[in-house]
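Written below as C-alpha cells is the structure these notes are about.
Nothing in this text is a laboratory measurement; each read-out follows from the coordinates by a stated rule. As the structure is a prediction and not an experimental result, all values here were calculated from the model. Don't worry about glycine lacking a Cβ; one is built from the backbone with ideal geometry, like all the others, and counts go over all protein chains shown.
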Amino acid sequence: MNIRKATCLILVIMLMVALLPAGHGCSRKVTTGETGVIKDEEFGNTYIDLTIEEFNSMGFTFGDSVDVSFSNGLKLSDVPYYSGYYVPVGSLLLCGYQGYPHVSMARNYGNGTWEEFSMDDSVRVTVDLREKGKYLSVQEFNAITYSDFRNEYESDEQFANFREVTGGKLRKKGFYRSASPCDNQHNRAPYANRIAEEHDIDFVINLSDNELRYASYVSDPGFNSRYYHSLYRKGKVLLLGLTANYRSDIFCEKVSEAFLTMTENGGPCLIHCVEGKDRTGFVVALLLALADASPEEIIDDYMMTYDNYFGITKEGDPEKYEAIKANVLDFFYCMCEAESGTDTSLLDIKKGAESYLKRGGLSDEEIKRIEDYLVG
C-alpha cells in the first residue's frame, strides 16, 4: 500500500470514528438523567416518569443493580431492578411489572414510597446503573409472565381466575374470587362480569378500587360490565381502595369492617382486586382461616392462581412453586404476629385470623357473627 492510499484510509477511519454516537466503543454510563416522578394512585408508590420500554432502552435490564438519587436529598444505593416483586416482604426494589405504565419504586407488600420518601410533583429523580446483572440469577429464577389473550387459556374461568373458594367448614357456593370484573386493563373484566352473573353474585368486596377509579371505568365508552354495575347501584359493591400492604392498619380495619358488612347480605359473595392474586389471596386466606381451613387448603387455594396465570404447579415446577408459596406463609405470620420462618405447624391459624380482625376493631361477638355466616 502506497503512502497516499494509507493516508486516505487513516482519514476515512478517523471520520467514521468521529461520526459514531458518543460513548460508542467505550464504556458508556447508563443513566436516566434527571426526570420527573408521578404518584402511583393505586398503591401509593413512586413512579419514575418513564415507561418500562423507555427505561430499558436506555441500557437497563431486569436483574441490574441501580442507584437512585432524588432532588429532595434522598439517595438509595444498590437497589435491584426486577420485572416482579422478587424481594422479601418490606424490601425495596425498582419494578417494571407487567401492565404498569411506568417503572415503580416500591416495597414488596409495604407502605407506599410516595409518602415514605416525601415525594411531590416538583421532585426530580436520576437512576444510574450500579452493576450490570448483579441480580440476574434472582430475576431469571423468578421471572414469570402471563398472556392477556383469552385464546391462550383453556376456559373463561381460568382466564378470569374465577373460582369458588372452598376449604374447612366454608359453606358451599357462598364465596368466590376472581380477577376484576370492572377494571379491564388485562382484558378479563367482561369474562369475570359474565361469570359473576352466572353464579348469582349478590355482594362484592372490591379491594383495589376507590370511587374515583371506579367512576373512570364506568365513563369509558368501552365499559361493558353491566351486571357488576347493577350491583354497585344497589349498594352491593364495597370499594376499599387498598394497597397490597396487608400489614397496615388501614388494610386491617377496612377488611374487618367489610367482613362484618358481608354478613348482612344473603347471596354469594365475590372478592377481587385487579388480578385476583395477592390482595385477594390474603383476604381469602383470612376468610378460610376463620372457617377452620387447614394451612394446606389455604396454600392450595392461593397457588391455584399461579396455575391459572402461569401454569406453575407443584409437580411441574417444584422450585418456583416453593418460592411462591412463601407469600402464603407470610400471610400466616402476619395473622399470627409470628416471626418469619416459624414452623406453620406451631401456628394457630384460626386464632391468628381472629386476632387480625380484633386489631381491625371488631369485638368477639362480631367475629363470631362472621364465623357463623361463613359456615352457614
- [ ] Would you mind checking which residues have amide H under 5 Å from R130's amide H? H placed 1.01 Å from N; only 5 or more apart, or other chain.
- [x] S65, V66, D67
Open item on the list: 5 Å is the cut-off here: which amide hydrogens, built 1.01 Å from N in the peptide plane, fall below it relative to F203, excluding neighbours closer than 5 in sequence?
Closed with: L270
Task: Vicinal HN-Hα couplings computed from phi for the range 223-233 (Karplus, 6.51 cos²θ - 1.76 cosθ + 1.60; Hz; Gly/Pro x) - done: 4, 9, 10, 5, 5, 4, 5, 5, 5, 4, 5
Open item on the list: To make sure I understand the rule: partners must be aspartates and glutamates, Cα under 12 Å from the Cα of K368, and not fewer than 8 residues away in the same chain. Which ones qualify?
Closed with: E354
Open item on the list: On a full-extension model of 0.36 nm per residue, what is the gain between D307 and N187, subtracting their alpha-carbon distance, rounded to one decimal in nm?
Closed with: 41.4 nm
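Using DSSP to call loops (not H, G, I, E or B), can you name the trypsin sites (Lys or Arg not before Pro) in the range 253-350 whose Cβ has at most 12 other Cβ atoms within 10 angstrom? Can you show the working numbers first?
Values: sites: K254, K277, R279, K314, K320, K325, K350; in loops: K277, K314.
Passing both the DSSP loop test and the Cβ count: no residue.
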Open item on the list: Using the Karplus curve 6.51 cos²θ - 1.76 cosθ + 1.60 with θ = phi - 60°, what ³J(HN,Hα) values do you get for each residue of the range 124-138, in whole Hz, with x for Gly and Pro?
Closed with: 10, 9, 10, 10, 10, 5, 9, 8, 5, x, 4, 10, 4, 5, 5
TODO: Work out, step by step, the length gained on full extension between F223 and E365: first 0.36 nm times the residue separation, then minus their alpha carbon distance; give nm to one decimal.
DONE: 47.0 nm
- [ ] Enumerate the calculated ³J(HN,Hα) couplings along the range 78-86 in order (Karplus 6.51 cos²θ - 1.76 cosθ + 1.60, θ = phi - 60°), each rounded to whole Hz, writing x wherever the residue is Gly or Pro.
- [x] 6, 8, x, 10, 10, 8, x, 8, 9
TODO: Just rank L231, L357, fewest to most, by other beta-carbon atoms within 10 angstrom.
DONE: L231, L357
TODO: Among DSSP beta bridges whose residues both lie in the chain, state the antiparallel percentage, nearest 5.
DONE: 65
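Give, as a single signed number, the net charge of other residues whose beta carbon lies under 14 Å from the beta carbon of N327, with Lys and Arg counted +1 and Asp and Glu -1.
Details: positive: R247, K277, R279, K320, K325; negative: E275, D278, D300, D301, E322, D330.
Around N327, the charge tally is -1.
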Task: Angle in degrees between helix 249-262 and the longest Cα principal axis of the chain, rounded to the nearest 10 - done: 40
TODO: Let me have the relative contact order for the range 35-142, percent, based on Cα pairs under 8 Å that are six or more residues apart.
DONE: 37
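Work out how much length K29 to E322 would gain on full extension: take 0.36 nm times their residue separation and subtract the Cα-Cα distance, in nm to one decimal.
On the way: separation 293, 0.36 × 293 = 105.48 nm, distance 3.79 nm.
Here the segment from K29 to E322 would lengthen by 101.7 nm.
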Task: Calculated [θ] (222 nm, deg cm²/dmol) that DSSP helices of n ≥ 4 give over the chain, each run adding -39,500 (n - 2.57) - done: -12000 deg cm²/dmol
TODO: Could you grab the relative contact order for the chain? Cα pairs under 8 Å, six or more apart, rounded to a whole percent.
DONE: 15
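With N denoting the number of residues in the range 150-375, provide Rg(C-alpha) divided by 2.2 N^0.38 Å, to two decimal places. Can you show the working numbers first?
Values: Rg = 16.8 Å, N = 226, 2.2 N^0.38 = 17.3 Å.
Its radius of gyration relative to the 2.2 N^0.38 Å reference: 0.97.
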Task: Positive-pole candidate from L212, T31, G235, dipole of the chain, charges at beta carbon - done: T31
- [ ] Please tell me which of these pairs span more than 21 angstrom C-alpha to C-alpha: K29/K134; K75/K320; K29/K75?
- [x] K75/K320
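For the cross-link pairs K277/K358; K169/K254; K172/K254; K234/K351, which exceed 30 Å when the distance is taken from alpha carbon to alpha carbon? Could you put the intermediate results ahead of the total?
Working: K277/K358 25 Å; K169/K254 24 Å; K172/K254 25 Å; K234/K351 34 Å.
Exceeds cut-off: K234/K351.
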